[in-house]
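Beneath this line is the structure, given in structure tokens, with notes to follow.
The values are calculated or read from the model by the stated rules, or taken from the named source; none is laboratory data. These figures come from a predicted structure and were not determined experimentally. All Cβ positions, glycine included, derive from the backbone under ideal geometry; neighbour counts span all protein chains shown.
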Amino acid sequence: MEKFKAIFLNGIDFLFANHNHLNFIYKLQHRIKDMKKLLFLSIVNVLLSTFISAQTTQIATTSPASKAKMVFDNGETDTVLEYGKIQQNSEPLRKVKFKNTGTEPLVILNARGSCGCTVPTPPKDPILPGQTSEIEVRYATDRVGPFTKMVTVSTNEGVDHTIRVQGDVQATPTQEGVPVVAPSLLKSGK
């Protein structure tokens, strides 16, 4: 036991005698941690700067420098797709024609409806100068009543085009006051 006590006291004497060395090592460890944090933040900064620069370059290449030009059948860069008065659950598909009157290929980057009830489908291939094409639009004709929706078409021109989709869905007529019901997939409980 005396031997253990002597070793313990020698160890404490060593610690107090070398207090400055231990303090130096402690500070060095914290500085190394700080340097690691600084290095990590520097790497993140470089990566973010590179990503932002690449995004800016991509935006610049799709800006109004393109000489493509989308013009609808009405001679305008925006148009109205008129469904008129239609019966409930009637054919939802309509087509909107347009022409590239520019001198470079026209690329449709995106076409989106203002809600889920209006779904546009643009052509996937570029439209060459002078060429015509069409955008398919489907409206959910199961919804009764008048409607006005918007389709926004983004192209490589750098401007958006709008197609105003409008009409009036009339309720399906009834027979002798009883609504017409579609056949059910469920069978009766016989």
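Things worth noting here:
- Qualifying residue in the range 116-129 (condition: on the phi > 0 side of the Ramachandran plot, in the same structural domain as ARG164 (by TED's automatic domain parsing) and either surrounded by 13 or more Cβ atoms within 10 Å (Cβ to Cβ) or in a strand (DSSP E or B) (or both)): no
- Residue count for the range 130-150, restricted to those that are surrounded by 15 or more Cβ atoms within 10 Å (Cβ to Cβ), under 14 Å from GLN166 (Cα atoms) and polar (S, T, N, Q): 1
- Hey, GLU82 at pLDDT 95 or above and either touching a Cys at 6+ places or on another chain (Cβ under 6 Å) or part of a loop (DSSP other than H, G, I, E, B) (or both) or not: no
- Summed over the range 130-140, residues that are closer than 20 Å to GLY75 by Cβ and either out of contact with any strand residue (DSSP E or B) (no Cβ under 7 Å at 6 or more places or on another chain) or assigned to a loop (DSSP other than H, G, I, E, B) (or both) total 2.
- Flag for ARG112 being on the phi < 0 side of the Ramachandran plot and modelled with pLDDT of 95 or more: yes
- Boolean, LEU93 is of a type in the set (A, V, I, L, M), in the same structural domain as LEU81 (by TED's automatic domain parsing), farther than 20 Å from VAL71 by Cβ and modelled with pLDDT of 95 or more: yes
- Of residues in the range 97-115 being over 24 Å from the mean Cα position of the chain (by Cα) and closer than 19 Å to VAL80 by Cα, the one surrounded by the fewest Cβ atoms within 10 Å (Cβ to Cβ): LYS97
- Condition broken by ILE52, with the remaining ones in (1) outside any helix (DSSP H, G or I); (2) at pLDDT 75 or above; (3) within 26 Å of the chain's Cα centre (by Cα) satisfied: (1)
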